[in-house]
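K.L.:
Here you go, one structure.
The values are calculated or read from the model by the stated rules, or taken from the named source; none is laboratory data. The model shown is predicted, which means the values in this text are computed figures rather than measured ones. In this analysis, Cβ positions are derived from the backbone assuming ideal geometry, glycine residues included, and neighbour counts consider all displayed protein chains. Each accessible area value is taken on the protein alone, full model and side chains, heavy atoms only, with ligands, DNA and RNA left out. Shrake-Rupley method; radii C 1.70, N 1.55, O 1.52, S 1.80 Å.
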Amino acid sequence: MLLYDSGVSGNCYKVRLLLAHLGRAYERRELDVVDRSNRAEVLGELNPALRVPTLVFDDGRALGESNAIIFYLAGGTPYLPEDPFERAQVLQWQFFEQYSHEPHIAVLRFWLHVAKMMPSPDELDAKRRDGEAALMALERHLEDRRFLVAERYTIADISLYAYTHVADEAGFELERFPAVLSWLARVKEQPGHVPIDA
Ligand SMILES: N[C@@H](CCC(=O)N[C@@H](CS)C(=O)NCC(=O)O)C(=O)O
C-alpha cells in the first residue's frame with residue numbers, strides 16, 4: 001500500500017495511527033499541503049478532491065477521505081463494531097468530525113501553526129467559537145463515558161483524536177475540557193499508539 005501523506009496533517013495521521021494499531025506495512029509519500037501546485041499531476045487519477053490522505057492499494061485501487069479510508073481498513077477488526085447501530089454511531093461521530101470539528105479546529109491550526117498566516121479578527125473569532133462548541137459537545141459526551149462508541153476504542157476515537165490532541169496548536173485551552181483530556185490520555189495508552197510526528 002502507498003499512502004500519499006503529510007506529516008503535519010491530522011487527517012493523514014488518522015490513517016497512520018490505524019495502520020500502526022493493525023501492524024500493517026505501507027509506503028509513505030509526503031506531499032506539501034501549502035504548495036499544492038503538483039496535486040492534479042500526482043493525485044488526478046486517484047482522488048477527486050486532490051487531497052491527502054489518499055491510499056493506493058497494491059491492486060491499484062485508490063481511496064480518498066480520511067474517514068472513508070479508516071472505515072474500510074477497520075472492517076473485520078476490533079476497531080469497527082459489528083453491530084449495525086454501533087457502526088452507525090461510529091459514522092455519526094465521523095460526520096460530526098468532518099462538519100462540526102475539523103473545519104474549525106484543523107483549519108485554525110493550519111492557519112496559525114502550519115501556514116503561519118494570520119486570519120482576520122472576524123475569521124479568528126468564528127473559528128474559536130465553533131471549535132469550542134465542538135470541544136464542548138465532546139466534553140458533554142465523554143463526561144460519563146470512556147470512549148465515544150460502545151465503551152471501547154474504535155475508529156470514532158481515532159477520527160476525533162487526530163485534531164483534538166493538537167487543538168492547543170490552534171490556541172484552544174484543553175484544560176477547560178477535563179473529560180476530553182482524560183479521554184485523550186486513554187487513547188494514547190492504546191497498544192500500538194504512535195504520535196502524529198512519528
Ligand atoms: N475531508 C478530507 C480533508 C483532507 C484535507 O483537507 N487534506 C489536507 C491536509 S489535512 C490537504 O490535502 N490540504 C491541501 C489541499 O487542500 O490540497 C479528509 O478527511 O481526508
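K.L.:
If the requirement is being farther than 23 Å from GLY7 by Cβ and in contact with a Phe, Trp or Tyr (Cβ under 9 Å, 6 or more places away or on another chain), which of these qualifies: VAL149, VAL187?
P.N.:
Working: VAL187 fails: farther than 23 Å from GLY7 by Cβ.
Only one candidate qualifies: VAL149.
K.L.:
Continuing with this model, one more query. Within the range 65-73, is even one residue surrounded by 18 or more Cβ atoms within 10 Å (Cβ to Cβ) and more than 10 Å from the ligand (Cβ to nearest atom)?
P.N.:
yes
K.L.:
Filter the range 4-23 down to the residues that are under 11 Å from the mean Cα position of the chain (by Cα) and either more than 9 Å from the ligand (Cβ to nearest atom) or open to solvent by less than 10 Å² (accessible area, probe 1.4 Å) (or both) and list them by number. Spell out the reasoning first.
P.N.:
Going residue by residue through the range 4-23, those that are under 11 Å from the mean Cα position of the chain (by Cα) are 9-18.
Selection gives GLY10, CYS12, TYR13, LYS14, VAL15, ARG16, LEU17, LEU18.
K.L.:
Please verify whether GLU102 is open to solvent by less than 60 Å² (accessible area, probe 1.4 Å), more than 16 Å from the ligand (Cβ to nearest atom) and acidic (Asp, Glu), treating the condition exactly as stated. Before you say what the answer is, go through the steps one by one.
P.N.:
Numbers: open to solvent by less than 60 Å² (accessible area, probe 1.4 Å): yes; more than 16 Å from the ligand (Cβ to nearest atom): no; acidic (Asp, Glu): yes.
Against the criterion (open to solvent by less than 60 Å² (accessible area, probe 1.4 Å), more than 16 Å from the ligand (Cβ to nearest atom) and acidic (Asp, Glu)), GLU102 does not qualify.
K.L.:
Taking the range 33-54, which residues are modelled with pLDDT of 95 or more, near the ligand (Cβ under 10 Å from one of its atoms), open to solvent by 20 Å² or more (accessible area, probe 1.4 Å) and not hydrophobic (A, V, I, L, M, F, W, C)?
P.N.:
ARG51
K.L.:
Does ILE105 satisfy the condition of being more than 23 Å from VAL33 (Cα to Cα), modelled with pLDDT of 95 or more and of a type in the set (A, V, I, L, M)?
P.N.:
Values: more than 23 Å from VAL33 (Cα to Cα): no; modelled with pLDDT of 95 or more: yes; of a type in the set (A, V, I, L, M): yes.
In short, no.
K.L.:
Let me ask something additional. In this structure, does ALA115 turn out to be aliphatic (A, V, I, L, M), away from the ligand (no atom under 16 Å from the Cβ) and either over 23 Å from GLU189 (Cα atoms) or open to solvent by 30 Å² or more (accessible area, probe 1.4 Å) (or both)?
P.N.:
For ALA115, the condition - aliphatic (A, V, I, L, M), away from the ligand (no atom under 16 Å from the Cβ) and either over 23 Å from GLU189 (Cα atoms) or open to solvent by 30 Å² or more (accessible area, probe 1.4 Å) (or both) - is not met.
K.L.:
State yes or no: is VAL194 within 29 Å of GLY23 (Cα to Cα) and in a helix (DSSP H, G or I)? Write out each step before concluding.
P.N.:
Numbers: within 29 Å of GLY23 (Cα to Cα): yes; in a helix (DSSP H, G or I): no.
No: the conditions fail for VAL194.
K.L.:
Select from the range 151-170 the residues that are among the acidic types (Asp, Glu) and assigned to a helix (DSSP H, G or I) and write down the one among them that is nearest to the chain's Cα centre (by Cα).
P.N.:
Quick first cut of the range 151-170, residues among the acidic types (Asp, Glu) only: 151, 157, 168-169.
Imposing the further condition that a residue be assigned to a helix (DSSP H, G or I) reduces the set to 157, 168-169.
Numbers: ASP157: 9, ASP168: 15, GLU169: 15 Å.
Once the filter is applied, the top-ranked residue is ASP157.
K.L.:
Could you list, ordered by first residue, the pairs with Cβ atoms under 7 Å in which the first is in the range 165-182 and without any contact (Cβ under 8 Å) to a residue 60 or more places away in the chain and more than 13 Å from ALA133 (Cα to Cα) and the second is charged (D, E, K, R) and outside any helix (DSSP H, G or I), at least 6 apart or interchain?
P.N.:
Sorted first by the residue in the range 165-182, then by its partner, the pairs are ALA179/GLU143.
K.L.:
Moving on. Here is a list: PHE57, PHE110. Which entry is open to solvent by 60 Å² or more (accessible area, probe 1.4 Å) and modelled with pLDDT of 95 or more?
P.N.:
Working: PHE57 fails: open to solvent by 60 Å² or more (accessible area, probe 1.4 Å).
Going through PHE57, PHE110 in turn, just one is open to solvent by 60 Å² or more (accessible area, probe 1.4 Å) and modelled with pLDDT of 95 or more: PHE110.
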